[in-house]
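Report on one structure; see the data block that follows.
The values are calculated or read from the model by the stated rules, or taken from the named source; none is laboratory data. The structure presented is a predicted model; accordingly, all values stated were derived computationally and were not measured. For neighbour counting, all protein chains shown are included, and Cβ atoms are generated from backbone atoms with ideal geometry for every residue, glycine included.
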Amino acid sequence: MLGFMLPGRGPRRGWQLQGRRVYLRPPRHGDYRAWAHLREQSRTFLTPWEPRWPVDGTGRLAYRRRLHALASEWRNDEGYGFFIFRNVDDALLGGINLGQVRRGVAQTASLGYWIGAPHARQGYMTDALTALLPYAFRQLGLHRVEAACLPGNAASRRLLTKLGFREEGMARQFLKINDRWQDHTLFGLVEGDLAFADGPRDR
């Protein structure tokens, strides 16, 4: 079941997922300046792990296109994008995307995430995914969440393993990262693999 949203509808206004130190909600137009600043501030930090961004990738028009694409994915049950904010001061920390949702016999989505350089390795992404993953299984009705990371991304591998993801193999030249086709380590998670029992609080 889809919980708070159905195909053809987006999240209700003011809805968010509450973690211990962070909360998650869909991006808004008013988030542009904080997002653009954090992305520019983190460009060197993120470049080795992401597809190459266009020159105008952090421009206002590009951001508006991203919002339209995310809204369409929400409405069509194709993907669910979130920004991560810190509870104490509402600072934007990063983002998470549950994309490529496959229903029918699969009930699967692919997980992607990023954290701004000033906020890395402080446990924020662990907190955010601890809130999101039970929601993905219990409210969005997914059976399986998949993730992939570069073999040399030790921080991401530790994060996924800590959350209960199981390493499932290697995919050759899986994604074009930093303008080069690169191998990725594949991980999978089903609800019974979750390394924590508490679910998220939505409001």
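Quick notes on this one:
- The single condition among (1) over 17 Å from L133 (Cβ atoms); (2) under 17 Å from the mean Cα position of the chain (by Cα) that I84 does not meet is (1).
- Taken over region 89-110, the criterion of being without any contact (Cβ under 8 Å) to a residue 40 or more places away in the chain and of a type in the set (A, V, I, L, M, F, W, C) is satisfied by V105, A106, A109.
- Selection from region 72-81 of residues that are touching a residue at least 60 places away in the same chain (Cβ under 8 Å), within 21 Å of A128 (Cβ to Cβ) and touching a Gly at 6+ places or on another chain (Cβ under 7 Å): W74
- One residue alone among A71, A106 is hydrophobic (A, V, I, L, M, F, W, C), modelled with pLDDT under 95 and over 18 Å from the mean Cα position of the chain (by Cα), and that residue is A106.
- Test: residue in region 12-20 that is modelled with pLDDT of 90 or more, surrounded by fewer than 16 Cβ atoms within 10 Å (Cβ to Cβ) and within 30 Å of L150 (Cα to Cα): yes
- Region 121-156, subset within 15 Å of the chain's Cα centre (by Cα) and under 22 Å from I177 (Cα atoms), residue surrounded by the fewest Cβ atoms within 10 Å (Cβ to Cβ): E146
- Within region 43-52, one or more residues are surrounded by 13 or more Cβ atoms within 10 Å (Cβ to Cβ), in contact with a Lys or Arg (Cβ under 8 Å, 6 or more places away or on another chain), modelled with pLDDT of 90 or more and not basic (K, R).
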